[in-house]
Structure formats: structure tokens, C-alpha cells
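Since the structure comes first, as C-alpha cells, the remarks are kept for the end.
A short reminder: the numbers here are calculations on the coordinates, not readings from a lab. What you are looking at is a predicted structure, and each value in this text was computed from that prediction instead of being measured. Reconstructed Cβ throughout: ideal geometry from the backbone, glycine too, with neighbour counts over all protein chains shown.
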Ligand code: NCD
């Protein structure tokens with residue numbers, strides 16, 4: 001295994017990923033199981049100020065499987081010195097003395113960028129408010145590559161909460177790096193994609209169409225990426241209640257999809273994909289979580305200097 005000095009020191013936003021970087025991470029992910037404890041002696045801290053199942057557990061599993069160690073801060077908003085008034089920057093400075101890499105999930109947009117500005121060790125953005133979730137998008141694209149067989153020339157419907165969904169935001173920036181990707185942005189009118197991201201698609205010459213239901217595009221898409229309406233981001237729960245069930249991927253809709261299409265979801269799902277859809281051959285959202293482990297192993301190997309064979 002060769003040791004190189006990575007040029008990406010932190011993982012903050014998919015906007016800054018190059019296609020060369022993506023290829024490199026995917027190449028490591030393909031071989032991530034062939035290394036023998038390469039991260040022995042290294043320590044990863046997971047600092048989670050918001051709930052998580054997959055992101056924290058898959059990063060922690062990845063680190064342990066690579067021979068490293070973890071320290072974990074769950075529910076940090078209540079359990080860390082933040083509750084006494086400590087700033088995020090101070091917490092990060094202290095952790096710099098203890099560990100080799102930090103995986104950070106925070107409720108504030110831009111928190112990881114703020115942390116990276118004062119950190120000598122790599123910061124991995126595991127979700128910052130409703131802004132971005134870049135490692136989710138890396139595993140999403142790796143899933144598309146593996147299951148659809150290509151990263152260009154297809155139509156993707158991104159569905160659900162496009163306003164608050166950080167997984168959707170990072171994914172759009174990432175998928176738009178490849179030619180021939182056409183977007184259907186399907187959401188209730190109240191949960192449309194922020195203008196800034198639509199402007200990005202426009203300036204990137206990525207074709208996109210905004211829709212309020214799935215029926216007009218369901219027959220013509222290759223990838224359906226469903227997302228949860230982000231209840232915790234609504235100031236008024238009445239507004240949440242009014243929009244939460246507007247777009248449901250019913251079995252009837254699924255039956256109209258192309259046979260070769262794939263159905264993805266970052267999870268957790270609430271009721272936007274009923275459980276009866278799970279057995280459809282196009283539903284790959286649980287397989288997607290397995291690809292997540294490979295991608296998170298690859299990112300840790302890359303950031304900690306073990307990039308490949
Ligand atoms: C997503 C998140 O936290 O943004 N979950 C995840 O990491 N797989 C999606 C969500 O919470 O809806």
C-alpha cells in the first residue's frame with residue numbers, strides 16, 4: 001500500500017469535489033476490504049449534535065473494520081460542554097489534541113467549514129443543518145454507478161423535501177458534474193429546491209424541470225431518489241402536517257416505472273415509501289446503506305493517508 005499526502009484535507013461540500021477525486025475514492029471503495037488493518041493506532045471522533053443511525057454507525061463500523069479506534073459523542077447538544085456555553089471551535093481545538101479525524105454532524109449550516117478553518121486534522125461533514133451531506137451523496141453516486149452501471153446520460157427524479165433536505169442538495173451538486181444528467185425536481189410547492197441550487201443547475205446547463213407530483217415523469221426516469229419531509233426543520237408543525245403526505249411512492253406508481261430503474265432513499269423513511277415497495281426489484285435503498293460502508297472506509301483511508309494499493 002502506498003502512502004500519499006491527500007490534496008483534499010477535509011470533506012465539506014460536494015461542490016468542491018473533482019471527478020478525479022470521485023474516481024479515486026470509488027477506486028479505493030472497490031478495494032476497501034482487501035487491506036489488513038491499515039488504520040491500526042488511529043482514532044476517529046464522531047461528534048453528533050443531531051440524531052443519526054446510518055451515518056454514525058457506518059463511519060464507526062468502517063473505522064473499526066479498518067483496524068482503527070473510535071470515540072463517540074452522541075446527542076452532543078445535551079451531553080457535551082456546549083450545554084455549558086462552549087463554542088464548536090473550542091471543542092474542535094481540544095479534539096485536535098486527542099484524535100486523528102473528526103466526523104461532525106451539526107444543526108448549523110456551515111458548521112463543518114467553521115470547524116475545518118481551525119482544525120489541523122481532517123473534518124468530515126456528516127450533515128450541517130439543512131445545507132449539505134457530502135458523504136451521503138458520495139455513497140449515492142457510488143450506488144448509481146454500481147446499480148445503474150453509469151454516471152452519465154440518465155434522468156433522475158429527486159423527490160420530497162428539496163427545500164430542507166441536505167442529502168438532496170449535495171446530491172444535485174454532485175450528479176451535475178457528469179454530462180447528460182437530466183433532473184426532475186419533484187416536491188410540494190412549499191418545499192421547492194432553493195433558488196441558489198436552481199441557479200447552479202442553470203449555469204451548469206443541466207436540464208431540470210420542477211414538478212409537484214410523480215405521475216407525469218414516473219415512466220421516463222432511470223433513478224428515483226425519494227427523501228423524507230424534514231419535520232425537525234419546520235418552525236410551524238401545522239405546515240409540516242399539511243405537506244408531509246403530499247408525495248408518496250405507491251406500489252401503483254412503482255409498477256409504471258422502467259424495469260431497469262432504481263429506487264433510492266437516504267433513509268430514514270417515514271411513510272413516503274410504503275413497506276410493500278421494499279420487495280420490488282427496483283428498490284435498492286437497503287443495499288445503498290451497504291455501499292455507504294465501503295465509501296466511508298474509502299474516505300477514511302484517503303484522509304488518513306492510505307490511498308490505495
Ligand atoms: C439523512 C440526513 O441526516 O440528512 N439521513 C442520512 O444521513 N442517511 C436524511 C434524513 O434525515 O432525512
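Starting with the highest mean, order 222-231, 88-97 by the number of other Cβ atoms within 10 Å, averaged over the residues of each peptide.
Per-residue mean Cβ counts within 10 Å order the peptides as 222-231, 88-97.
Note the angle between two axes, namely the Cα long axis of helix 54-65 and the longest principal axis of the Cα atoms of the chain, as a number of degrees from 0 to 90, rounded to the nearest 10.
40 degrees
Give me the percent of DSSP beta bridges within the range 90-198 that run antiparallel, rounded to the nearest 5.
10 percent
Per the Cauchy relation, a quarter of the hull surface: what is the mean projected area of the convex hull of the alpha carbons in the range 154-301, in nm²?
Value for the range 154-301: 9.4 nm².
What is the Cα centroid distance between the range 222-255 and the range 42-111, reported in whole angstrom?
Their Cα centres are 29 Å away from one another.
Counting pairs of alpha carbon atoms under 8 Å apart in space and at least six apart in sequence, what relative contact order in percent does the range 1-127 give?
That works out to 30 percent.
Only Cα pairs under 8 Å and at least 6 apart count here; give the relative contact order of the chain as a rounded whole percent.
22 percent
I need to check one value: relative contact order of the range 200-309, counting alpha carbon pairs closer than 8 Å and at least 6 residues apart, in percent.
27 percent
Rounded to the nearest 5, what % of the DSSP beta bridges within the chain are antiparallel ones?
Approximately 10 percent, going by the DSSP bridge assignments.
After finding the eigenvalues of the alpha carbon gyration tensor for the chain, what semi-axes result from the square roots of 5 times each, listed largest first in whole Å?
Over the Cα atoms of the chain, the ellipsoid semi-axes are 32, 23, 17 Å.
What is the extension gain from residue 235 to residue 270, computed as 0.36 nm multiplied by their sequence separation minus the C-alpha to C-alpha distance, in nm to one decimal?
10.7 nm
Where does the range 240-309 land on Rg/Rh, using Cα atoms and the Kirkwood Rh?
In the range 240-309, Rg relative to Rh is 1.15.
Would the range 12-89 count as rounded, prolate or oblate if I go by the C-alpha gyration tensor, calling it rounded below 1.5 in a/c and otherwise prolate when a/b exceeds b/c, oblate otherwise?
oblate
Considering the Cα trace of the range 180-248, what is its radius of gyration and what is Dmax, both in angstroms?
Both quantities, over Cα of the range 180-248: 13.4, 39 Å.
Where does the chain land at 222 nm, in deg cm²/dmol rounded to the nearest 500, when only DSSP H runs of n ≥ 4 count, each adding -39500 (n - 2.57), divided by all residues?
-10500 deg cm²/dmol
Let a ≥ b ≥ c be the square roots of the eigenvalues of the Cα gyration tensor of the range 99-197; is it rounded (a/c under 1.5), or, if not, prolate (a/b larger than b/c) or oblate?
oblate
Work out how much length residue 9 to residue 21 would gain on full extension: take 0.36 nm times their residue separation and subtract the Cα-Cα distance, in nm to one decimal.
3.1 nm
Could you check the simple spin-label distance between residue 204 and residue 219, using points 7 Å along Cα→Cβ, in nm with one decimal?
For residue 204 paired with residue 219, the spin-label model returns 2.9 nm.
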